[in-house]
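The values are calculated or read from the model by the stated rules, or taken from the named source; none is laboratory data. Just so it is clear, the model here is predicted, and its values are computed rather than measured. We place every Cβ from the backbone using ideal geometry, glycine too, and count neighbours over all the protein chains shown.
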Amino acid sequence: MRALIICGGRKGGFTSVMCSSFAEGLASEGIDSDIMYPIEMHIEHCDGCGSCSKSGKCVIDDDMSKIYKLFEDADLFVPSSPVRFSGPSSVIKIVLDRFQPYWYNGMPHPSNAAALVNGGSPVPEFRNLLSVFKAFTITSKVKWSGDLTISDTDSLSPEDVRDPSYNFGKDIGLMLKIDDPR
């Protein structure tokens, strides 16, 4: 089994630490992961041209093609993001918007999804961000397997998110193995 984790933050930040720790938890259950950092990639905005509805492919030639390939081979999709004005980071939103070819054409995609989310305040508004992630999965008929939300990161160190993220990855990995014992 394989997971694609899209880190909607920068390397070294809380979201990145959550992603790598989650991947370690999955690995403990025998599930390999690819972590992509779109902030370091060249990914254009979807311009709504509609070409993908006819051709089945996005006409924009950029690094999104690397994510598409990994997405098609994954069993689990994991978007991750810090809360930005009660929603996802712009980095992860650009990536999600570029998946139009999959919804128009029923192309191969993961059967499960989970999310990793964090917010700096003691009571961040996770609802809107998770709504975007869940809408993404509903559109593609992907099973929502759960989410990990970590609050108050302004008063934590990145190390403080390692154990919960690792344990969530381990739990999701175990669930996937029970649902699909290969």
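Residues in region 30-56 that are under 18 Å from PRO110 (Cα atoms), surrounded by fewer than 19 Cβ atoms within 10 Å (Cβ to Cβ) and either at pLDDT 95 or above or of a type in the set (D, E, K, R) (or both): GLY30, ASP32, ASP34, ILE35. Pull up region 110-166, narrow it to residues that are among the hydrophobic types (A, V, I, L, M, F, W, C) and under 19 Å from ILE31 (Cβ atoms), then point me to the one that is modelled with the lowest pLDDT. Checked region 110-166; the qualifying residue modelled with the lowest pLDDT is VAL142. Considering only residues in region 1-29 that are over 16 Å from ASN112 (Cα atoms) and of a type in the set (Val, Ile, Thr), the one that is surrounded by the most Cβ atoms within 10 Å (Cβ to Cβ) turns out to be THR15.
For THR137, the conditions (1) closer than 13 Å to SER81 by Cβ; (2) hydroxyl-bearing (Ser, Thr, Tyr); (3) touching a strand residue (DSSP E or B) at 6+ places or on another chain (Cβ under 8 Å) all hold with the exception of (1).
Among residues of region 85-103 that are on the phi > 0 side of the Ramachandran plot, those with a Cβ under 6 angstrom from a residue that is polar (S, T, N, Q), sequence gap 6+ or separate chain, pair up as SER86/ASN128.
Restrict the check to region 80-102 and report whether at least one residue is over 30 Å from PRO124 (Cα atoms) and either under 14 Å from the mean Cα position of the chain (by Cα) or of a type in the set (Gly, Ala, Ser) (or both).
no
Check ASP163 against each of (1) crowded, with 17+ Cβ neighbours inside 10 Å; (2) assigned to a helix (DSSP H, G or I); (3) not hydrophobic (A, V, I, L, M, F, W, C) and name the one condition it does not meet. (1) is the only condition that ASP163 fails.
Please determine whether any residue of region 34-56 is within 18 Å of PRO158 (Cα to Cα), touching a residue at least 12 places away in the same chain (Cβ under 8 Å) and assigned to a strand (DSSP E or B). Don't jump to the end; show me each part of the working.
Filtering region 34-56 for residues within 18 Å of PRO158 (Cα to Cα) gives 35, 37.
Remaining after also requiring touching a residue at least 12 places away in the same chain (Cβ under 8 Å): 35, 37.
Now narrow it down to the ones that are assigned to a strand (DSSP E or B): 35.
So far as region 34-56 goes, yes, one or more of its residues are within 18 Å of PRO158 (Cα to Cα), touching a residue at least 12 places away in the same chain (Cβ under 8 Å) and assigned to a strand (DSSP E or B).
Taken as a whole, the condition of being farther than 15 Å from SER140 by Cβ, touching a helix residue (DSSP H, G or I) at 6+ places or on another chain (Cβ under 8 Å), among the small types (Gly, Ala, Ser) and not in a loop (DSSP other than H, G, I, E, B) applies to GLY25.
Taking region 122-146 as the range and being aliphatic (A, V, I, L, M) and assigned to a helix (DSSP H, G or I) as the test, the residues that pass are LEU129, LEU130, VAL132, ALA135, ILE138.
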